[in-house]
Every structure is written in structure tokens, then in C-alpha cells.
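Every number in this text was worked out from the coordinates using simple rules, so none of it is lab data. Treat the numbers as computed from the prediction; the structure is a model and nothing was measured. Note that we place each Cβ from the backbone using ideal geometry, even for glycine, and neighbour counts take in every protein chain shown.
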Amino acid sequence: MLKKLLLLLWISLSVSFALNLHASPVDTFEFKDEVTKIRFQALTKELRCPKCQNQNLADSNSPIAADLRKQVYQQLQQGKADSEIVDYMVARYGEFVLYRPRVSSLTYVLWFGPAIILLLGALVVVFILRSKAKDPQDNEQALSTEQQKKLDKILNKSSQTNKENS
């Protein structure tokens, strides 16, 4: 039974690797030089696929990612700068297409929100600790004279029993 299970597992893994189900998309773009190829790879890794949850253009198998890779390739062949290509993609698909959105009035919360929340949290902790450390006597309640007498009796009895036991 175990041999059959292992054989079935081995066959299924072999078939999936043979069909290349786990690989990234393969594009057959030809570049005029190595620098353009490196720029293409960097841009497709920096730009997010609009359809996929969290994949860049280089790793996505979706049809729109293939179209966008082709668009990036064509713009590189036209001699456009990386910033022009990124601006084109942002104009067409919005800031979502960038893994690292630009700092603007729309993205201040994204960039500075976590730091502000951490700072506010630290201030709250400091405030709470300082308020507790100001007057530790404020937290203690004064004993009434009757309670103080009872406490003294209890303490005296316990000290006498300790002396007798020793």
C-alpha cells in the first residue's frame, strides 16, 4: 500500500514538473543590449500585475501581465526612460501598479501612518507609566484606627507564636 502511494506521489510530481506548472512565464523577447534586458527585468519585477493579488509582472501568468510585459518591452525598444514607462503604467492603472507607491498627498497615511501609530503608542505607555509612578502612596489606602489595632494584634500574635515555636 505504501509503495503504491509513493509511486502515485512520484508520478504526480513528475507530471507537474514535466508540464512546468510551477514555473514563471517564459517570454522570448530579444534585446539590443544587456542593459536593456536588465532594465526590462527590473521594471517587470517592480510593477505589480493589476489582476493578481500580489504578483509582479515578471512572475504572473495572467494574460494582462503578458500584455504589460509586451508594453514594457515595446517602450524600452522605443528608447523611453524607466520613469516614463512607470508614469505610463501609473496613469493607466493607478498607484496600485507600483510595489513602492510614491510619496504624495494620497499616500501619506501609507508611508507615515505606521510611524505615527508607534509614536502615539509609545507616548501612551510613557504617560501611563509616569502617572503610576508619581505617587505610589495615592494607591495605598489609609487604615482606620480600628483596622490598625486589629493589624497590630494579628502581628503581635504571629510574632509571639514564632517566638514560642523557636
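Roughly speaking, what is the stretch gain from ASP33 to ALA133, that is 0.36 nm per residue apart minus the C-alpha to C-alpha distance, in nm to one decimal? Walk me through the intermediate numbers first.
Values: separation 100, 0.36 × 100 = 36.00 nm, distance 6.79 nm.
Taking 0.36 nm per residue and subtracting the Cα distance, the gain is 29.2 nm.
Most exposed first by the Cβ proxy, i.e. fewest other Cβ within 10 Å, how do GLU146, GLU95 rank?
Going from sparsest to densest Cβ surroundings: GLU146, GLU95.
From the phi of every residue in the range 119-128, what ³J(HN,Hα) in whole Hz does the Karplus formula 6.51 cos²θ - 1.76 cosθ + 1.60 yield, where θ is phi - 60° and glycine or proline is x?
5, 4, x, 5, 5, 5, 4, 4, 4, 5
Sort ARG92, ARG48, ARG39 so the one with the fewest other Cβ atoms within 10 Å of its own Cβ comes first.
ARG92, ARG39, ARG48
Along the positive direction of the dipole of the range 31-149 (beta-carbon charges: Lys, Arg +1; Asp, Glu -1; about the Cα centre), which of ALA142, ILE85, PRO101 reaches farthest?
My answer, from the dipole projection, is ILE85.
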